[in-house]
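This report concerns only the one structure given below.
The values are calculated or read from the model by the stated rules, or taken from the named source; none is laboratory data. Predicted, not measured: the structure shown is a model, and the values here were computed from it. Neighbour counts are summed over all protein chains in view; Cβ atoms, including those assigned to glycine, are modelled from backbone coordinates with ideal geometry.
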Amino acid sequence: MNIDEITRIAELMTDHALTEFVIESPEIKLSIKRTRDGAPVVQFTAVPAAAPAPAAAPAAAPAAAPVPAAPAAKACTIDSPIVGTFYAAASPDAPPFVKVGDKVQEDTVIGIVEAMKVMNEIKAEKRGVIRKILVENSKPVEFGQPMFEIEEG
């Protein structure tokens with residue numbers, strides 16, 4: 001599903017006064033809900049993004065990766081669920097949502113990705129400690145691009 005298709009769905013929601021739209025398939029899950037002020041909140045998840053990653057890992061295994069794999073098992077990344085512009089804070093003069101060393105819960109807002117003029121709050125969806133911030137404020141992010149490195153726990 002591309003950005004034009006999502007835009008078209010949002011337009012149809014407005015045209016037909018719909019407040020919620022959800023579509024699921026083996027490949028994706030898209031949920032669009034309108035707030036009371038009419039602003040859409042988009043959540044997009046690509047299901048196969050997690051499945052191909054293990055398939056790529058065995059291909060890299062012959063390159064003597066077993067030793068670094070042990071520390072990597074505890075650390076993982078929080079990836080961008082959508083294409084857009086990343087913002088580390090709610091406004092230019094506000095403090096960032098998270099900093100390196102912050103403990104986060106599954107529902108902790110870690111940033112905002114603006115897509116189609118809609119500000120989408122990005123939640124950690126994991127418990128742990130932020131170890132690295134991999135994206136810069138006000139810079140574009142791609143779907144699936146790692147934004148934070150987190151040590152789960």
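Here are some notes:
- Sole residue being more than 18 Å from MET116 (Cα to Cα), surrounded by 10 or more Cβ atoms within 10 Å (Cβ to Cβ), out of contact with any Ser or Thr (no Cβ under 6 Å at 6 or more places or on another chain) and modelled with pLDDT under 55, chosen from ALA59, ALA53: ALA53
- Cβ-Cβ distances below 8 Å connect the following pairs, each with a first residue in segment 102-113 that is within 12 Å of GLY128 (Cα to Cα), a second residue that is part of a loop (DSSP other than H, G, I, E, B) and acidic (Asp, Glu), and a separation of six or more residues or different chains: GLU106/GLU125.
- Any hit, segment 130-144, residues being assigned to a strand (DSSP E or B), over 22 Å from ILE32 (Cβ atoms) and under 14 Å from the mean Cα position of the chain (by Cα): yes
- Scope segment 110-153; condition surrounded by fewer than 17 Cβ atoms within 10 Å (Cβ to Cβ), of a type in the set (Asp, Glu) and out of contact with any helix residue (DSSP H, G or I) (no Cβ under 7 Å at 6 or more places or on another chain); matching residues: GLU114, GLU121, GLU125, GLU136, GLU142
- Residue match in segment 73-80 (condition: under 12 Å from the mean Cα position of the chain (by Cα), modelled with pLDDT under 95, of a type in the set (Ser, Thr, Tyr) and not assigned by TED's automatic domain parsing to the domain that holds ALA10): yes
- Within segment 77-123, the only residue that satisfies the criterion of being of a type in the set (Lys, Arg), within 27 Å of ILE6 (Cα to Cα) and outside any loop (DSSP other than H, G, I, E, B) is LYS123.
- Members of segment 7-36 found to be surrounded by 14 or more Cβ atoms within 10 Å (Cβ to Cβ), in contact with a strand residue (DSSP E or B) (Cβ under 7 Å, 6 or more places away or on another chain), modelled with pLDDT of 75 or more and not basic (Lys, Arg), listed by number: ILE9, ALA10, MET13, PHE21, LEU30, SER31, ILE32
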